[in-house]
Amino acid sequence: GRRLREPRIAENNERQGGGGEGSALFIDDGAVFVPYRDVQIETVAALIPEASAPVHVVELCCGEGLLGAAILARHESAILHAYDGSSAMRAAARKKLKLFGKRAEVMAFDLTGEDWRRFPWPVHAIVSSLAIHHLNAKAKKRLFRDLARALAPGGALVIDDPIPATTA
């Protein structure tokens, strides 16, 4: 066997000139890095409020599109806007989400940037899995403030991310 190492987050990998190595490693071995990944994905998808009319769902750091596909399969009225900083991840997500047609779009972004945080439509839900923990406390606070402002009334912010323990 091949020796596994912790992947760098995809958007940081490309920004730092990593050439997508971390993205490829995570695509190949993501199930090893994320125990019970299928349970996490289904839990996040289930926490999005049901809607009968078309609604917009934003996914931050969509990776290879597994969560987005689960959201679109579960919520037939959802339109997914999937953002990622890695071209390798975006390509994998486009391939995975292709079967949902115009209900899914995949776009480049920088999680630390602020230009993407205003949307031309009401946002029913914003989701993120295993990405926000890479931000420092100040950047998280700004991000959460901006995401709360972007949500439509009754909208949901669902984050699946590790939280450091307050004590050993």
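Numbers for the structure displayed
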item: Every pair of residues 6+ apart whose Cβ atoms lie under 8 Å, when the first sits in the stretch 151-168 and is under 18 Å from residue 43 (Cβ atoms) while the second is at pLDDT below 95 and assigned to a strand (DSSP E or B); result: 159/129; 160/129; 161/129
item: Residues being over 21 Å from residue 131 (Cα atoms) and within 11 Å of the chain's Cα centre (by Cα) - total across the stretch 92-104; result: 0
item: Members of the stretch 62-91 that are under 11 Å from the mean Cα position of the chain (by Cα), acidic (Asp, Glu) and closer than 21 Å to residue 121 by Cβ; result: 84
item: Selected residue (criterion: least open to solvent (accessible area, probe 1.4 Å)) from residues of the stretch 130-160 that are out of contact with any strand residue (DSSP E or B) (no Cβ under 7 Å at 6 or more places or on another chain) and modelled with pLDDT under 90; result: 133
item: Whichever residue in the stretch 105-131 is within 13 Å of the chain's Cα centre (by Cα) and of a type in the set (Val, Ile, Thr) and, among such residues, is nearest to residue 65 (Cα to Cα); result: 106
item: Residue in the stretch 86-97 that is farther than 19 Å from residue 148 by Cα and touching a Lys or Arg at 6+ places or on another chain (Cβ under 8 Å) present; result: no
item: Checklist (1) farther than 19 Å from residue 54 by Cα; (2) out of contact with any Lys or Arg (no Cβ under 6 Å at 6 or more places or on another chain) applied to residue 70, failing item; result: (1)
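The values are calculated or read from the model by the stated rules, or taken from the named source; none is laboratory data. This structure is a prediction, so every number in the text was calculated from the model and none was measured. So basically every Cβ, Gly included, is an ideal-geometry build from the backbone, and we count neighbours across all protein chains shown. Heavy atoms of the whole protein, side chains included, go into the accessibility calculation; ligands, DNA and RNA do not. Shrake-Rupley method; radii C 1.70, N 1.55, O 1.52, S 1.80 Å.
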